[in-house]
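Okay, structure first, notes after.
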Amino acid sequence: MNKLAGIDAPLGNTLVRVHIPWYLVTWSRKSMKFLMKASIIFDRIIDLTVILAAILLIFVTLSVGAEVVLRYLLGRPTVWVVEIAGYTLLYITFLVVAWVQRREGHVKTDLVLNRLNPMVQSVVNVITSLICTIVCFILTWYGAKTAWYFFQAGYPTPTPLRIPKFIIVAIIFVGSLLLFIQFLRTTYGSLEAGKNHWRRKRSI
């Protein structure tokens, strides 16, 4: 015979005692603990990518400055600085996109959104977050396919450095994957905000 666990569930303005199988309660608690740990790990990964992007930004700033001095003052330009600087800027962009999204720092037009009620705002945020999630999934998928293709083919860049192309394309996959996960979190947060507004509206 299955044991039942009692939990308090909201029904209107009152709490009703509901009995459900104990294994569902245990599974739910374990799932929440796992999601919390995964969220903490993901946040740390994003923080590390930002630190790496900051290091790359310092590197590209110093290298370009040195290139200016070498080229225009000493007349001894380098071969690699301009090319590496371009690749580095690509890496910086895709390393920080998920971190910026976590802080809701991407550009958005909220002139109309701010005039809507909180419930409608949550619905709009869920829809836009879902669209962005789908776009990021497509970028992740094709980024992975392209990087793998270049890795197998061994194509280098048609430049003096001849860097393997998969190294350049791989960051598109990594950054899009992180942004995809972050948009999933954003969508979940918007859903929870909508539920809270709905519950407060019902309780009034």
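The sole residue among VAL123, VAL96, VAL79 that is modelled with pLDDT under 90, under 24 Å from the mean Cα position of the chain (by Cα) and of a type in the set (Val, Ile, Thr) is VAL123. Report, by residue number, each residue of the stretch 142-186 that is more than 12 Å from the chain's Cα centre (by Cα) and of a type in the set (Ser, Thr, Tyr). Listed by number, the residues that qualify are TYR142, THR146, TYR149, TYR155, THR157, THR159. Of all residue pairs spaced 6 or more apart or on separate chains, those with beta-carbon atoms under 8 Å, a first member in the stretch 30-49 that is of a type outside the set (A, V, I, L, M, F, W, C) and a second member that is assigned to a helix (DSSP H, G or I) are SER39/ARG185; ASP43/ARG102; ASP47/TRP99; THR49/LEU95; THR49/VAL96; THR49/ALA98; THR49/TRP99; THR49/LEU178. Of THR187, THR159, THR109, all but one fail to be modelled with pLDDT under 90 and touching an Asp or Glu at 6+ places or on another chain (Cβ under 6 Å); the exception is THR159. If ILE134 meets every condition in (1) farther than 25 Å from ILE167 by Cα; (2) loosely packed, with under 14 Cβ neighbours inside 10 Å apart from one, which number is that one? ILE134 satisfies every listed condition except (1). Selection over the stretch 129-157 of residues that are part of a helix (DSSP H, G or I), of a type in the set (Val, Ile, Thr) and either touching a helix residue (DSSP H, G or I) at 6+ places or on another chain (Cβ under 7 Å) or in contact (Cβ under 8 Å) with a residue 12 or more places away in the chain (or both) gives a count of 3. The set of residues in the stretch 56-102 that are surrounded by fewer than 13 Cβ atoms within 10 Å (Cβ to Cβ) and farther than 22 Å from PRO158 by Cβ comprises ILE58, THR61, LEU62, GLY65, ALA66, VAL68, VAL69, TYR72, LEU73, LEU74, GLY75, ARG76. Would you check if SER176 is in contact with a Gly (Cβ under 9 Å, 6 or more places away or on another chain), among the hydroxyl-bearing types (Ser, Thr, Tyr), part of a helix (DSSP H, G or I) and within 30 Å of VAL82 (Cβ to Cβ)? Yes. The listed residues are LEU48, LEU11, LEU24, LEU35, and the only one of them that is modelled with pLDDT of 85 or more and either of a type outside the set (Lys, Arg) or exposed (fewer than 12 other Cβ atoms within 10 Å of the Cβ) (or both) turns out to be LEU48.
Among the residues of the stretch 115-126, none qualifies, meaning not one is outside any helix (DSSP H, G or I) and among the small types (Gly, Ala, Ser).
The values are calculated or read from the model by the stated rules, or taken from the named source; none is laboratory data. All figures in this text were calculated on a predicted structure; none of them were measured in a lab. Neighbour counts are summed over all protein chains in view; Cβ atoms, including those assigned to glycine, are modelled from backbone coordinates with ideal geometry.
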